[in-house]
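Notes follow the structure.
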Amino acid sequence: MDAALAFLSALPVQCYREASMAAEKITIPVDPQAARAYRGAAPEERQKMQALLAIWLKDLVAAKPATLRQIMDEVSRNARARGLTPDLLESLLKGA
């Protein structure tokens, strides 16, 4: 989890502040491990996680209609540009 938090810490402060301003709550089902990781995170870390998800969702809906493959490629490029590495992704998926 430390690598994932390092990635989130690299987000500009403005990003997660914007995500928390005038926010609307939604519910998204996740696996138990992801839920535990979120619930166990410090408030600042939660804000960063929320900002990351908000950015991803905005990127996803802002794109012109595309195939799932094109969307996944774009999300992958954006994640790499923001510092997501294969090792960090693996860490996030394992919840380590």
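Taken together, the values in this text are just the output of simple stated rules run on the coordinates, not laboratory data. Here the structure is a predicted model, which means the values were calculated and not measured. Note that each Cβ is placed from the backbone with ideal geometry, even for glycine, and that neighbours are counted across all protein chains shown.
Under the simplified labelling scheme, the THR67-THR27 pair shows an inter-label distance of 3.6 nm, with each label point 7 Å from Cα along Cα→Cβ. Between GLN50 and ARG82, the distance separating the two model label sites (each 7 Å from Cα on the Cα→Cβ line) works out to 1.6 nm. In terms of packing, defined here as the mean over residues of other Cβ atoms within 10 angstrom, the peptides 85-91, 65-71 line up highest first as 85-91, 65-71. Per-residue Karplus couplings for the stretch 85-90, computed as 6.51 cos²θ - 1.76 cosθ + 1.60 with θ equal to phi - 60°, are listed in order as 9, x, 5, 5, 4, 4 Hz, Gly and Pro entered as x.
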